[in-house]
Amino acid sequence: MNESRAAVRYAKATLDFAIEKKAADAVEKDMRSIAATIDENAELQNLLGSPVIKGAVKKEALSKIFKESNQITLGLINTLTDNKRIGLLREVAFKYIILSEQLKGEDVAYVTTAVPLTAALEKEVLAQVNKITGNKVTIQNKVDESILGGFVLRIGDMQYDASVSNKLNSLKREFTNSL
């Protein structure tokens, strides 16, 4: 099964259970914490991705790191570990956040640019994104100089890549294929 589809299934099941137990917001807070912690910690990423380290060790480490989390979140960690899918934890957390925001009628538009967005440009992007989605949208700007120019816009599972680096890579592929 596709890793992304599996992550969505785990996220949906967790969200449904959290809604049933009236703990969706607490679990969303946990998921944001999990995603941020994994993103910021290379050692944790290596631990989760390592096929050599036993699941029990991973489960113990995660339960210590996220000991303040809701029982539903801890149950998800245990389920992923037991099913040998703990490497999906970061992606499940992201999918949960997206599904939860969509359920509330909110979206977050992640805009990656080579330089920070100006207030005027952010307002313009926000207006366009609101028009596209029809939902209340907030913008999070990430600066990544490697895209050289342009932008990458991601809303939920949709992504629009208008970066200069993407256009250069497309040209490179075209030239390589035509030789």
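For this structure, a couple of remarks:
- Percent carbon-and-sulfur accessible area, the range 53-119, ignoring ligands, DNA and RNA, probe 1.4 Å: 55 percent
- Per-residue surface analysis assigns MET158 an accessible area of about 110 Å², computed on protein heavy atoms at 1.4 Å probe radius.
- Cα long-axis angle, helix 55-65 against the chain (0 to 90 degrees, to the nearest 10): 80 degrees
- Across the range 102-179, C-alpha contacts under 8 Å between residues 6 or more apart give a mean separation that, scaled by the residue count, equals a relative contact order of 35 percent.
- Normalised by residue number, the volume inside the convex hull of the Cα atoms of the range 71-179 is 151 Å³ per residue.
- The residues of the range 1-127 expose, per residue, 57 Å² of accessible area to a 1.4 Å probe.
- Rounded to 10°, Cα long-axis angle of helix 24-40 versus longest principal axis of the chain: 70 degrees
- When every Cα-Cα distance of the range 1-83 is counted in 5 angstrom steps from zero, the calculated P(r) takes the values 3, 14, 23, 26, 22, 9, 2, 0 percent.
- Taking the longest Cα principal axis of the chain as reference, the axis of helix 3-20 is set at about 60 degrees.
- When +1 charges are put on Lys and Arg Cβ atoms and -1 charges on Asp and Glu Cβ atoms, the dipole computed for the range 119-168 relative to its Cα centre reaches about 180 debye.
- Most to least accessible of GLU174, GLU122, GLU145 (protein chains only, probe 1.4 Å): GLU145, GLU174, GLU122
- Residues LEU126, LEU171, ordered by accessible area of protein heavy atoms at a 1.4 angstrom probe radius and largest first, appear as LEU171, LEU126.
- Lysines whose Cα lies under 16 Å from that of LYS67, excluding same-chain neighbours fewer than 8 positions away: LYS29, LYS58, LYS59
- Rounded to 5, percent antiparallel among DSSP beta bridges of the chain: 55 percent
- Placing +1 on the Cβ of every Lys and Arg and -1 on the Cβ of every Asp and Glu, with no other charges, gives the chain a dipole of roughly 440 debye about its Cα centre.
- Look at the dipole of the range 83-179 built from charges on Cβ: of LEU117, TYR96, VAL129, the Cα furthest out on the positive end belongs to TYR96.
The values are calculated or read from the model by the stated rules, or taken from the named source; none is laboratory data. In this text the structure is predicted, and so the values were computed from the model without any measurement. Please note: Cβ atoms are built from the backbone with ideal geometry, for glycine as well, and neighbour counts cover all protein chains shown. Note: areas computed on protein heavy atoms with side chains; ligands, DNA, RNA excluded. Shrake-Rupley method; radii C 1.70, N 1.55, O 1.52, S 1.80 Å.
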